Amino acid sequence: MSVNKAYKFRIYPTKQQEILIAKTVGCSRFVFNRFLGQWNDTYKETGKGLTYNSCSAELTQLKKEFVWLKEVDSTALQSSLKNLSNSYTRFFKKQNQAPRFKSKKNPVQSYTTKHTNGNIEVVNNKIKLPKLGFVRFAKSREVEGRILHATIRRNPTGKYFVSILAETEVQPLEKTESSIGIDLGITAFAILSDGRMIDNNKFTSKMEKKLTREQRKLSKRALNAKNKGINLLDAKNYQKQKCKVARIHEKVTNQRDDFLNKLSTEIIKNHDIICIEDLNTKGMLCNHKLAKSISDVSWSAFVTKLEYKAKWYGKTIVKISRWFPSSQICSDCGHQDGKKSLEIRDWTCSVCHEHHDRDINASKNILAEGLKSFVLAYTKI
Ligand SMILES: [Zn+2]
């Protein structure tokens, strides 16, 4: 099966390359905003928008008027236009809000460029990018397949990254004849029906404390600057602290992503059928007790990763209803023992007297229920 895989690498541009990246971001933003303005005007007058093709033709004219647009990667400008027209299409289909003007002050600055005639490629420990030429990068793995496009990004902390999308062939993984149930934990991240508890709270809570502390410092500095009548953009101490907070954020995000990637890959590799609860995260976030742990450990990001990896490698994800009373049923005898409040971490079945850990029992039930519905669906075909 051919799939699109994304790769993200840190890049180390030279001073000159940095300048060119900034210029390209600026020009892409200019093109986006200019055509957005025109698009809005036309829409107000006629009730219809423009088309990508008409804008693209006009872009050629625009380059004669603003010659500096020619200094940067032309496919980046076209991508910016394509991006605008796509957002408009989605807006007309009522899938998202109307596109908004891009700001210079946006903390993340980026542009996207398309692959044509070998203009993007990895050669040893450097990556070739249009107009920029060879850029040094931290090659953490090989890029496999046909490169489709690349996005060059500057983070609020001043680090540069490239995200590459490549089309590649994946082979189904070997079948293991093993199935597993996963329960979203409250004390741990996830509990598997084989009894394993997956924890990442130690790291998160430590970093979280640090983040809260540094954020408090940041608001104090903002207040200080305000009292002294200094504009935040010119407040050195404030800006320094802002960078520090962004760095911690970045670290937390990266570590979490890494953790979720490793865990989802391991589960997909070792099991053929993976049963999980179909959680309505929005609904659950209203419950304050659960809100923190869920947003913390990015359960939905984990499910997304499991789902696409299952598709790639020929494995199956079975989602069971979130109303299924997984923590009420005894996984040994099937007796439904009634509702249990969140404080109850373990209990003894009143019928078979088996003693259960709340979460392990729940994940066993999720596995059994998932397999049941999988077999049902299978026999219907
Ligand atoms: Zn029982």
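The values are calculated or read from the model by the stated rules, or taken from the named source; none is laboratory data. Predicted model only: the values in this text are computed from it and were never measured. All Cβ positions, glycine included, derive from the backbone under ideal geometry; neighbour counts span all protein chains shown. These accessible areas exclude ligands, DNA and RNA; they are computed on the full protein's heavy atoms, side chains included. Shrake-Rupley method; radii C 1.70, N 1.55, O 1.52, S 1.80 Å.
Things worth noting here:
- Filtered residues of region 352-381 (kept if more than 24 Å from residue 267 (Cα to Cα) and exposed (fewer than 13 other Cβ atoms within 10 Å of the Cβ)): 352, 353, 355, 379, 380, 381
- Restricted to region 332-348, and to residues there that are open to solvent by 40 Å² or more (accessible area, probe 1.4 Å) and within 13 Å of the ligand (Cβ to nearest atom), the residue that is modelled with the lowest pLDDT is 337.
- The combined condition, being more than 16 Å from the ligand (Cβ to nearest atom) and modelled with pLDDT of 95 or more, is not fulfilled by residue 372.
- Taking residues in region 36-49 that are free of Cβ contacts under 8 Å to residues at least 12 places away in the same chain, and partners anywhere that are small (Gly, Ala, Ser), the pairs with Cβ atoms closer than 7 Å and at least 6 places apart or on different chains are 42/49; 43/49.
- Taken over region 308-325, the criterion of being more than 16 Å from the ligand (Cβ to nearest atom) and part of a loop (DSSP other than H, G, I, E, B) is satisfied by 314, 315, 321, 322, 323, 324.
- Selection of first residues in region 317-335 that are among the charged types (D, E, K, R) and of second residues that are assigned to a strand (DSSP E or B) and near the ligand (Cβ under 9 Å from one of its atoms), restricted to Cβ pairs under 9 Å at least 6 apart or on distinct chains, gives the following pairs, ordered by first then second residue: 332/356.
- Just one residue in the set 176, 253, 168, 187 is open to solvent by 70 Å² or more (accessible area, probe 1.4 Å), among the β-branched types (Val, Ile, Thr) and either under 28 Å from residue 365 (Cβ atoms) or touching a residue at least 60 places away in the same chain (Cβ under 8 Å) (or both); that residue is 187.
- Residue count for region 103-129 satisfying the condition of being touching a residue at least 60 places away in the same chain (Cβ under 8 Å) and closer than 17 Å to residue 142 by Cα: 1.
- Residues that are surrounded by 16 or more Cβ atoms within 10 Å (Cβ to Cβ) and modelled with pLDDT of 95 or more within region 138-148 comprise just one, 147.
- Residue within region 307-323 that is within 30 Å of residue 211 (Cβ to Cβ), open to solvent by less than 20 Å² (accessible area, probe 1.4 Å), among the β-branched types (Val, Ile, Thr) and at pLDDT 90 or above present: no
- Residue 328 meets all of the listed conditions (1) under 24 Å from residue 300 (Cα atoms); (2) away from the ligand (no atom under 14 Å from the Cβ); (3) more than 32 Å from the chain's Cα centre (by Cα) but one, namely (2).
- Lone qualifier among 74, 87 - being within 21 Å of the chain's Cα centre (by Cα) and free of Cβ contacts under 8 Å to residues at least 24 places away in the same chain: 87
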